[in-house]
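A single structure is presented below for examination.
The values are calculated or read from the model by the stated rules, or taken from the named source; none is laboratory data. For clarity, every value in this text was computed on a predicted model and none was experimentally measured. With ideal geometry, Cβ positions are generated from the backbone for all residues, glycine too; neighbour counts draw on all protein chains shown. We work out accessible area using only protein heavy atoms, side chains counted, and drop any ligands, DNA or RNA first. Shrake-Rupley method; radii C 1.70, N 1.55, O 1.52, S 1.80 Å.
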Amino acid sequence: MTRHQQKKVREVSIFSYMIIFSIIFVFIITLVLSIGNFIRYKDLLYEYSLLKNYVNKELANYKSKLDDVQAKLGPNSLVDKYILSTNYINNFGIDLEYILSNLEDDPGTGYFMVFVIGSKSSWFTVKKGETTYFSRELKPGLSKYKFYYFKEPRIKTDYDIVISDDSDIVVGKPGQVYLLFFGVGSSFHPTKIVQVRDMKVTNIRKSFSLYVPGK
């Protein structure tokens, strides 16, 4: 073999070694990166598992709280039964007051009731000077309130308003408000029905010619 041929063989051998070395190097780098990615993947799986457990735990807590709130506030719950009971007691109390206010009609007292005609409510105020005995909106129909201008009723409820016999009346809808007077000393009731035609009526005793003993 000539020297030239020997040199060419050595170059081929060196080139082959370089290729083999490169392949091994690339394999090692790839293996290291794969191991690193695998470790990172395991870390991500672990973190995901922790996060999933935390979320599931929080959701379970919220569901438990939601079920507890629903049990307390939902239909047939304690709060629902309490509200129903409270409304029943309130309505019963209102109805009882109204029954008591109509339990007896004492001819020794003088009072009037308010009737609003039409389909709309009307504001109704009873006052004397700076004193306001009553002021609120009354719905159409016969109001449950009684305004006593002579003596107080023997059974007094929230529906019974004691006023002065010379009080003034202010209405929101003149012509749609009627007053039903239950006069003193008379068993025939109502003794007088008047229509309030003006927005303000001063001194109901004189304006409506009410009989008040001693005056």
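Only one of these conditions is not met by T131: (1) surrounded by fewer than 16 Cβ atoms within 10 Å (Cβ to Cβ); (2) over 27 Å from P213 (Cα atoms); (3) of a type outside the set (D, E). Which number is it?
Evaluating T131 over (1) surrounded by fewer than 16 Cβ atoms within 10 Å (Cβ to Cβ); (2) over 27 Å from P213 (Cα atoms); (3) of a type outside the set (D, E) leaves (2) as the failure.
Does E152 count as out of contact with any His (no Cβ under 6 Å at 6 or more places or on another chain) and free of Cβ contacts under 8 Å to residues at least 12 places away in the same chain?
The answer is no for E152.
Considering region 121-147 alone, what residues qualify as being under 21 Å from I193 (Cβ atoms), modelled with pLDDT of 90 or more and basic (K, R)?
Result: K139, K146.
Give the number of residues within region 104-157 that are more than 19 Å from Y178 (Cβ to Cβ), among the hydroxyl-bearing types (S, T, Y) and more than 36 Å from the chain's Cα centre (by Cα).
1
Is it true that G172 is more than 20 Å from G108 (Cβ to Cβ), out of contact with any helix residue (DSSP H, G or I) (no Cβ under 9 Å at 6 or more places or on another chain) and open to solvent by less than 60 Å² (accessible area, probe 1.4 Å)? If you could, list the steps in order and put the result at the bottom.
Numbers: more than 20 Å from G108 (Cβ to Cβ): yes; out of contact with any helix residue (DSSP H, G or I) (no Cβ under 9 Å at 6 or more places or on another chain): yes; open to solvent by less than 60 Å² (accessible area, probe 1.4 Å): yes.
Yes: the conditions hold for G172.
I'd like the full set of residues that are at pLDDT 90 or above and surrounded by fewer than 20 Cβ atoms within 10 Å (Cβ to Cβ), limited to region 181-200.
The answer is V194, Q195, R197, D198, M199, K200.
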